[in-house]
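Chemist: Here it is: the structure, laid out below.
Coordinate-derived values only; no laboratory data. The structure presented is a predicted model; accordingly, all values stated were derived computationally and were not measured. Quick reminder, even Gly has a Cβ in these numbers, built from the backbone with ideal geometry, and neighbours come from all protein chains shown.
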Amino acid sequence: MKKTPLRLVCSRVFAGFALLALAASALAAPRPPNILFIFSDDHAYQAISSYGDPRKLLQTPNLDRIAKEGMRFTRAMVPNSICGPSRATVLTGKYNHLNGFYNNSNSKFDPAQPTFVKNLHAAGYQTAVVGKWHLVSDPVGFDYWHVLPGQGVYYNPPMIDNGKPVKHQGYTTDIITDLTIDWLKKRDKSKPFLMMCQHKAPHREWEPNLKYLGHDRDRQYPEPPTLFDDYGGKRGLAVRDQDMSLEKTFTERDAKLITPGNLTPEQKKVWDAYYEPRNDKFRESKPTGKDLVRWRYNRYMHDYLGCIKSVDESVGRVLDFLKAEGLDKDTLVVYSADQGFYLGEHGWFDKRWIFEESLRTPLLIRWPGVTPPGSVNDRIVSNLDFAETFLDAAGLPIPADMQGRSLVPILKGQTPADWRTSFYYHYYEYPVPHRVRPHYGVVTDQYKLVHFYKPDVDYWELYDREKDPTEVKNFYADPAYAQTVATLKTELTRLRVEVKEPGEPPRTAYGNRPFDNEPQTPGAPATGKKKGAGKKKAQ
Ligand code: CA
């Protein structure tokens, strides 16, 4: 028998003790939770049944499961209501003026900057992202990434699998769900996981799964009270001069009067069998004015809510998988979207504004053993808080330069006494695609003070959600609000310092298209106040 040198024996004994110590510490500190982050694109909270929209647009039983088993947040806000900037905030826990991603036109995420994903990965988490990414540069910090290029498409999507282009057949929401579950099945079970399951749906142009065409049996949907908003109430130019209305902006593609070009012949057959008879009827009746807006609103609701049905189904499949695998008790499940969306309010689709429907995003969090089931929280929280929350939940330190705050105490039902009571918002992208003028402002439980400041406007508005819940009146010049305005301006100044707002943002923050009457940037496509400008590139 070979003699083992004493030194080697000692080192083996030592290694044995070290392992025992590690095992003991692992017993003392429970394994950090798995994190399943389900993120959709443009999902209005009005389209989740547990949020109780009076129109009762549809039932979302699986999303409601998360709310029923966890916490539903009624005032989760984004600091800049569009896709890429919101995603950059989720990853970094920072405002766009610090993470550098201001808009969807010319911003590119700097992958060298810190993200919560990198920290989780360094701490031993397996990390994965599947679905919509939309940050231009490739994902970094993930063991597995399988993402849509750019906006992605609803049917038969090309995707990028850890850098390799691949093509899938089928409906994108289903494919993202399959890929999510497949990865969860084959993951390294010795480690906790972070899975970011990020849907394209229900982004414009709202193409439902074939099986959900006709899901609403040609329902005529209740209208929001502001479907025919006259943009009065002493409001300024911005709300009147936007280009995101059902009346003026909604295209034939949006209305499904044109069949998408990337369907297979079999898919196209089913698609046309649903839409064509209805489109023929529309063409024959030639509605105009309010009747046309109403027709578009109902077509929009059918399509948008049809997309949500697949998202809800996906959530159900993933939750069922967690349960079947015995992972449901150890997994923190978060459902949110990159921002809210207008479902006909103010006559609009799209997002961008500081107004409630786009400022707010749905947020449902389920964390068994931590979060009281069926709880509702109405404090101002934000996707700025997600990175901090995930790190805190994993027992990791929160970098000092992150600008949000961990939601973990709130999830435990213990909201800190000094939790935020005001929130800073800043939207940049202009003039394409929707002519929403850049603005910043402060939001509280009751008020919004907004400054529209570029390029051809410079005015303030004040909204009082208690007196005017649909936000159609500007109280800024009302003498009765003079003190409120002064107090909010002081708070806004304080917030701008706190969030390190640089003041005048760089010109590139607004995108690469010239403002009206601005000299053309060399190489940039022409734009300006031109009918139809920017309609091709939906964001
Ligand atoms: Ca979005």
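Chemist: Taking amide H atoms as placed 1.01 Å from N in the peptide plane, list the residues 5 or more away in sequence, or in a different chain, whose amide H sits under 5 Å from that of Met159.
Modeler: Val166, Lys167, His168
Chemist: I need the phi-derived Karplus couplings for segment 214-231: 6.51 cos²θ - 1.76 cosθ + 1.60, θ = phi - 60°, integer Hz, Gly and Pro marked x.
Modeler: Once θ is set to phi - 60°, the couplings for segment 214-231 become x, 4, 9, 6, 6, 5, 8, 7, x, 8, x, x, 9, 4, 10, 3, 9, 6 Hz.
Chemist: Could you pull out every whole DSSP H run in the chain that spans at least 27 Å of Cα extent along its own axis and averages -0.5 or higher on the Kyte-Doolittle scale?
Modeler: 6-28, 289-324
Chemist: Related question: Need one number: convex hull volume per residue for segment 337-384, Cα atoms only, in Å³.
Modeler: 104 Å³
Chemist: Fewest first, what order do Glu223, Glu461 take by the number of other Cβ atoms within 10 Å?
Modeler: By the 10 Å Cβ count, ascending, the order reads Glu223, Glu461.
Chemist: Non-local amide H neighbours of Val436 (under 5 Å, H modeled in plane, Pro and chain starts lacking H): which ones?
Modeler: Asp243
Chemist: Binning at 10 Å from 0, report for segment 99-140 what percent of all alpha-carbon pair distances ends up in each bin.
Modeler: With 10 Å bins starting at 0, P(r) equals 26, 51, 21, 2.
Chemist: Step through the residues of segment 125-139 one at a time and calculate ³J(HN,Hα) from phi using the Karplus curve (6.51 cos²θ - 1.76 cosθ + 1.60, θ = phi - 60°), rounding each to whole Hz and writing x for Gly and Pro.
Modeler: 6, 7, 10, 8, 9, 10, x, 7, 10, 6, 10, 6, 6, 6, x
Chemist: Also: With a sphere of radius 15 Å drawn around the Cβ of Asn262, what net charge do the other residues whose Cβ falls strictly inside it have (Lys, Arg +1; Asp, Glu -1)?
Modeler: With Lys, Arg at +1 and Asp, Glu at -1, the neighbours total +2.
Chemist: On to the next question. Please list, in order along segment 187-201, the HN-Hα scalar couplings obtained from phi with the Karplus expression 6.51 cos²θ - 1.76 cosθ + 1.60 (θ = phi - 60°), rounded to whole Hz, x for Gly and Pro.
Modeler: Computed from phi, the couplings for segment 187-201 are 5, 7, 6, 7, 10, x, 10, 10, 10, 9, 9, 10, 7, 6, 5 Hz.
Chemist: For segment 129-250, what is the Kirkwood estimate of the hydrodynamic radius, computed as the reciprocal of the mean inverse distance between distinct Cα atoms, to one decimal in Å?
Modeler: The Cα-based Kirkwood calculation yields 17.7 Å.
Chemist: Could you work out, for segment 238-396, what percent of all Cα-Cα pairs fall into each 10 Å distance bin, beginning at 0 Å and stopping at the bin that holds the largest distance?
Modeler: Reading the bins upward from 0: 8, 26, 28, 21, 14, 3, 0.
Chemist: For segment 40-147, what's the relative contact order in percent, using C-alpha pairs closer than 8 Å and at least 6 residues apart?
Modeler: Over segment 40-147, the number comes to 17 percent.
Chemist: Using only alpha carbons, build the gyration tensor for segment 363-462 and give me the equivalent ellipsoid semi-axes, biggest first, whole Å.
Modeler: For segment 363-462, the ellipsoid semi-axes come out as 33, 16, 13 Å.
Chemist: Limiting things to C-alpha atoms, what are the Rg and the maximum Cα-Cα separation (Dmax) for segment 405-445, in angstroms?
Modeler: Rg, Dmax (Cα atoms, Å): 15.8, 43.
Chemist: Got the relative contact order for segment 31-509 handy, in percent, Cα pairs under 8 Å and 6 or more residues apart?
Modeler: 25 percent
Chemist: Order of 489-497, 355-363 by packing, highest average Cβ count within 10 Å first?
Modeler: Going from most to least packed, we get 355-363, 489-497.
Chemist: Send over the per residue convex hull volume for segment 31-509, Cα only, as a whole number of Å³.
Modeler: So the per-residue hull volume is 139 Å³.
Chemist: So who's got an amide H within less than 5 Å of the one on His134, skipping anything under 5 residues away but keeping other chains? H placed 1.01 Å off N, in plane.
Modeler: Under 5 Å from the amide H of His134 lie the amide H atoms of Gly150, each far enough along the sequence or on another chain.
Chemist: Report the antiparallel proportion of the DSSP beta bridges in the chain as a percent, rounded to a multiple of 5.
Modeler: So the antiparallel bridges amount to about 55 percent of the total.
Chemist: Same structure, new question: Per residue of the chain, what 222 nm ellipticity follows from adding -39500 (n - 2.57) for every DSSP H run with n ≥ 4, rounded to the nearest 500?
Modeler: -9500 deg cm²/dmol
Chemist: Further question on the same structure: In Å and whole numbers, how far do the C-alpha atoms of segment 301-388 stretch along each principal axis, longest first?
Modeler: Ordered largest first, segment 301-388 gives principal extents of 46, 31, 22 Å.
Chemist: Take the cross-link list Lys56/Lys290; Lys269/Lys351; Lys94/Lys467; Lys256/Lys473; Lys132/Lys351 and give me the ones stretching past 24 Å between alpha-carbons.
Modeler: Pairs exceeding the cut-off: Lys269/Lys351; Lys94/Lys467; Lys256/Lys473.
Chemist: Quick one: which of 320-332, 396-408 comes out on top by average Cβ neighbours within 10 Å, and what's the full order, highest first?
Modeler: Ranking the peptides 320-332, 396-408 by packing returns 396-408, 320-332.
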